[in-house]
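Coordinate-derived values only; no laboratory data. Quick caveat: nothing in here was measured; it's all calculated off a predicted structure. Cβ placement follows ideal geometry from the backbone for every residue including glycine, while neighbour counts extend to all protein chains displayed.
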Amino acid sequence: MKKSRLFAPFLMLLAGAVASITMFWFHYSMKEMLPVLLAVLLIFYIAGCIIQKCILSFMDQIREKEAAAAAAMEEARAREEAARENEESAGEEEELA
């Protein structure tokens, strides 16, 4: 879970690095570069937070489904054991009678 919290900052820094290298390549002045870089960092941080929340909610839904399936399997096993015990006790009563 801790690794999933690093998604938004990683996306922001990656986008910032790409934007910085691109602006350096095209010979932007420092006055032009800094506001653009700030905007890129903010936009990609917000986008990363939104994507991260979506991913975490999907992961929670999957965990809930897995937990429900495990509970259903456990309930089915308990029913089978109860049915076996009932059959065994019915068979023992017939032998006694």
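Within segment 33-69, track down each residue that is closer than 30 Å to residue 22 by Cβ and among the small types (Gly, Ala, Ser). Steps first, answer last, please.
Of the residues in segment 33-69, the ones closer than 30 Å to residue 22 by Cβ are 33-55.
Residues satisfying the conditions are 39, 47, 48.
So, in segment 20-41, how many residues would count as being polar (S, T, N, Q) and surrounded by 12 or more Cβ atoms within 10 Å (Cβ to Cβ)?
Initially, segment 20-41 is screened for residues polar (S, T, N, Q), giving 20, 22, 29.
Now narrow it down to the ones that are surrounded by 12 or more Cβ atoms within 10 Å (Cβ to Cβ): 20, 22.
Total satisfying the criteria: 2.
Being touching a helix residue (DSSP H, G or I) at 6+ places or on another chain (Cβ under 6 Å) and of a type in the set (A, V, I, L, M, F, W, C) is the filter here; which residues of segment 16-36 pass it?
19, 23, 33
Of 20, 57, 4, which residue is in contact (Cβ under 8 Å) with a residue 24 or more places away in the chain and in a helix (DSSP H, G or I)?
Details: 20 fails: in contact (Cβ under 8 Å) with a residue 24 or more places away in the chain; 57 fails: in contact (Cβ under 8 Å) with a residue 24 or more places away in the chain.
Step by step, each of 20, 57, 4 is checked, and only 4 is in contact (Cβ under 8 Å) with a residue 24 or more places away in the chain and in a helix (DSSP H, G or I).
Taking segment 8-19 as the search range and keeping residues that are over 11 Å from residue 42 (Cα atoms) and surrounded by fewer than 16 Cβ atoms within 10 Å (Cβ to Cβ), which one is nearest to the chain's Cα centre (by Cα)?
10
Residue check: is residue 44 exposed (fewer than 12 other Cβ atoms within 10 Å of the Cβ) and either assigned to a helix (DSSP H, G or I) or over 34 Å from the mean Cα position of the chain (by Cα) (or both)? Spell out the reasoning first.
Values: exposed (fewer than 12 other Cβ atoms within 10 Å of the Cβ): no; either assigned to a helix (DSSP H, G or I) or over 34 Å from the mean Cα position of the chain (by Cα) (or both): yes.
Judged against the criteria, residue 44 is not a match.
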